[in-house]
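Have a look at the structure below before the remarks.
The values are calculated or read from the model by the stated rules, or taken from the named source; none is laboratory data. Bear in mind that the values here come from a model prediction, so they are computed numbers and not experimental data. Here the Cβ positions follow ideal geometry from the backbone for every residue, glycine too, while neighbour counts run over all protein chains shown. These area figures cover heavy atoms from the full protein model, side chains too; ligands, DNA and RNA do not enter into them. Shrake-Rupley method; radii C 1.70, N 1.55, O 1.52, S 1.80 Å.
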Amino acid sequence: MRRIGHALASLRWRLTLTFVALLLPLLVLLAGYQYLTLRASLISNRVGELQADFTSAKRLIANRERALGATTTATLRLCTNQPQLVGTAVASAVSTVTGQTVQVVVYNSSLTEEAVAPVGASPPSLDDAVLEGVLSRGTRSVGQQVSTNTGDQLVVAFPVVAGTGACGVAQLSVSMTPITNVLHDEILLITAGGLVILVLALVLGVLLTGRTLGPMRRLTATAEQLAAGDLSARSRLAPSRDEVGQLASSFDHMADRIQEAFTAQQDSEAQVRRFIADASHELRTPLTALKGYIDVLRRGAGREPAALDAALEAMSSESERMRVLVLDLLTLARLDAQRESHPEDFDLNAAVNALLNEGVPGMPAVVERALGPAPLLVRADRGAVSTIVRNLLVNACKYARGAAQHWSSPNEGGWAKLELRDEGPGIPAADLPHVFERFYRGEKTRTREEGGSGLGLSIVQGLARAQGGDAAIRSTEGAGTTVTVWFPLAPIPPPPPTD
């Protein structure tokens, strides 16, 4: 019972049963229409047969009258003066024509019963109003079904015409049993056919809905796989334009987005863990050095001026290293938090010239500037641009020590491009794809004396993208390095109106 209840609760069976439930009243209406149409047709045909029987009886009477030499006037007189005789003749003629299968009652003009055939029969009676209507109009009545002790009877009244008027009414009645039998057989046939149609509809509905809902079961299985942790599971249903196809496409697209988001979250978490580990390592080194120098001073090295000066110089260097690292970490934290910047329009050439004039420790002898005399207006955060230029300058002075530098700022493709090319040793091909990664330092720069924290170029790229631009690098080992940073140009103001 539980399995049956579970099956009936499924969408497949609900859709099928709903279809069958909608089909059932339609079949009932069609069956009712067919039954009523057949009944009306059978009654109409039987009334037509009675009409033909009565016409044949009239023809028989007319032949007898001609054989006896009776005239229309005589017939009318006879119908008026001897209605019983006329009624008997009509009843006898109809009974002869129909083979006594039809009961006949003949009424005179006063609607008094004059004759009955077959003799001893007890035919039903129509209402006087119906008989009066037949007598006054001179046309037959419609077929009526009248219930009797022996069963239902089909009754039709015909006018008995003599001359130009009706002098009586002949009521013909016949049993409804043949018609009832046909209708009964028709009901059985319709019922059996309806049941067959419903069973076929049920079977076909189950098969068709099962086939239609097959993709839904596949989507359900895929969803269960996703819930179990298999983020690579997809329905991979064939594309279609129906609702199920659109649902499958949207489902797979959603699964792709979930997998991408989960992968991005994992990458982000791994990056955060790596960032924390690298930051801890970088901070631990100067802190350890500071603690070592403090221990040295505590053991009495501070009594010697030379040793004291050396210790203080080393402590100052480590403190500066730690300060720069903390500032870089704060800059990266602001980039990750996507804090709002404050863009403004300013001359990139003037800003770069000012920073190069300030310089940094380790400036080379040759610093070529091809910045151009004309202002190069960009829209960016002035502080971010200063940090980018300073980091590029520090990196070039540190990793290409003493090598000539060439600064340029061409304007191409709607962007302001700041380019720094040095003539240093270049970057190995294995390190080049990773130079923008945080805390990455190449094999040749892993010593604390030569390498920094590995955050400089990461900050350059992050700040450039925060301004709507980007940064790129190209280098050949032994042939120098070129770093390019793009900034959005400031919009050109419209010309002033002219009078």
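Extension gain for S280-T263 works out to 3.6 nm (0.36 nm per residue, less the C-alpha to C-alpha distance). Accessible-area rank, largest first, for K58, K291, K398, K417: K291, K58, K398, K417, with all protein chains present and a 1.4 angstrom probe. With a simple spin-label model that places each label point 7 Å from the Cα along the Cα-to-Cβ direction, the separation between V366 and D152 comes to 12.1 nm. Near the amide H of R369, within less than 5 Å, lie the amide hydrogens of W407, all on another chain or at least 5 residues away, with H placed in the peptide plane. The peptide list 269-275, 123-129, put in order of mean Cβ contacts within 10 Å with the highest first, becomes 123-129, 269-275.
As a calculated quantity, the FRET efficiency between H184 and R236 at R0 = 51 Å, using C-beta atoms, amounts to about 0.30. M254 exposes around 90 Å² of accessible area when a 1.4 Å probe is run over every protein chain in place. Given R0 = 56 Å, the distance between the Cβ atoms of S316 and Q225 translates into a calculated FRET efficiency of 0.40.
The mean sequence separation of alpha-carbon pairs under 8 Å and at least six residues apart, normalised by the residue count of segment 142-224, gives a relative contact order of 17 percent.
Shape summary: segment 293-336 maps onto an equivalent ellipsoid whose semi-axes, from the alpha-carbon gyration tensor, are 33, 9, 4 Å in decreasing order. For segment 196-333, the relative contact order comes to 14 percent (Cα pairs under 8 Å, sequence separation of at least 6). To the nearest 10, the accessible area of L226 is 30 Å² with a 1.4 Å probe.
In this structure M315 has an accessible area near 40 Å², from a 1.4 Å probe over the protein heavy atoms. These residues, I492, I190, I179, I294, go from largest to smallest accessible area, 1.4 Å probe, as I492, I294, I190, I179.
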